[in-house]
Amino acid sequence: MASTIIELKNADLTLGEAAASVHVLKGMSLTINAGESVGIVGPSGSGKSTLLMVLAGLERLDRGEIVIDGTPLHRLDEDRVADFRGRNIGIVFQSFHLIPNMTALENVAVPLELANVPGAFEIARKELVAVGLGERLSHYPGQLSGGEQQRVAIARALAPSPKLLIADEPTGNLDAETGRQIADLLFAEQRDRGMTLVLVTHDAALADRCARQVRVRSGEIVAGGAADPVAVAPVQQAASA
């Protein structure tokens, strides 16, 4: 059987307070296998981006359990969750979130340095080369196109060699052709590195590229919440000499 990397059980989350509170996640349960590509889809306001933030350890549940690669995040304090996330989860946002007064190389390297990763700048250089930005290392975000900025953000997410890559509308701010190129890059990196990819998107074509779609409506998962079991091929016996 395939190994499970994400297990969410009976997840409840309310955001806001008093009259302004919104019950965003309502008893959600979800399993995702290691190496899967999963698209989370649904109408605006359905809770899909909040679900993604829970999977990334950026939102804490009111009730329920969230286990990532065997680690129960719901039992950890914020510092330990942040440490786990830095080592195991890469995140790509719609709006890039690059630091404007840092070069592409620095945007990728500095988070590694802050995490005390040896050889941070060399790792950053290799990741930027891998996403096609080897000639743009010293450029600032303002000197880069939207597609190039998203490539920097992807390089930053991949630099710690995460087991799980999470992307929230990764092509939402890009034109159709640039968005297709970014999608090609995400799926190629997911395949080559054997990572799990979970993304939220309104783009039906992008969602269709995922191996599975999870449909969310009004804070509930209405389809695709259970991972399919994957059979392990039997070991072939060596032929007799």
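Summary of values
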| read-out | value |
| --- | --- |
| Qualifying positions in region 179-209 - among the acidic types (Asp, Glu) and either surrounded by 17 or more Cβ atoms within 10 Å (Cβ to Cβ) or over 24 Å from Gly45 (Cβ atoms) (or both) | Asp184, Glu189, Asp192, Asp203 |
| Every residue from region 122-169 that is touching an Asp or Glu at 6+ places or on another chain (Cβ under 9 Å), open to solvent by 50 Å² or more (accessible area, probe 1.4 Å) and within 22 Å of Ile68 (Cα to Cα) | Lys163 |
| Test: residue in region 128-140 that is in a helix (DSSP H, G or I), at negative phi and within 19 Å of the chain's Cα centre (by Cα) | yes |
| Selected residue (only one of Phe96, Phe84 is surrounded by 16 or more Cβ atoms within 10 Å (Cβ to Cβ) and at positive phi) | Phe96 |
| Number of positions in region 155-197 that are within 12 Å of the chain's Cα centre (by Cα), over 22 Å from Ser3 (Cβ atoms) and hydroxyl-bearing (Ser, Thr, Tyr) | 0 |
| Members of region 109-121 found to be open to solvent by less than 80 Å² (accessible area, probe 1.4 Å) and either out of contact with any helix residue (DSSP H, G or I) (no Cβ under 7 Å at 6 or more places or on another chain) or within 9 Å of Ala159 (Cβ to Cβ) (or both), listed by number | Ala109, Val110, Pro111, Leu112, Val117, Gly119, Ala120 |
| Breaking point among (1) of a type outside the set (Val, Ile, Thr); (2) under 14 Å from Ser161 (Cβ atoms); (3) in contact (Cβ under 8 Å) with a residue 60 or more places away in the chain, for Ser95 | (2) |
| So Glu65, is it more than 25 Å from Thr201 (Cβ to Cβ), modelled with pLDDT of 95 or more and part of a strand (DSSP E or B) | yes |
| Residue list for region 83-115, filter: under 25 Å from Ile6 (Cβ atoms), hydrophobic (A, V, I, L, M, F, W, C) and not in a loop (DSSP other than H, G, I, E, B) | Phe84, Ile89, Ile91, Val92, Leu112 |
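The values are calculated or read from the model by the stated rules, or taken from the named source; none is laboratory data. Here the structure is a predicted model, which means the values were calculated and not measured. Note: ideal-geometry Cβ built from the backbone for every residue, glycine included; neighbour counts use all protein chains shown. Keep in mind that these areas ignore ligands, DNA and RNA; they rest on the heavy atoms of the full protein, side chains included. Shrake-Rupley method; radii C 1.70, N 1.55, O 1.52, S 1.80 Å.
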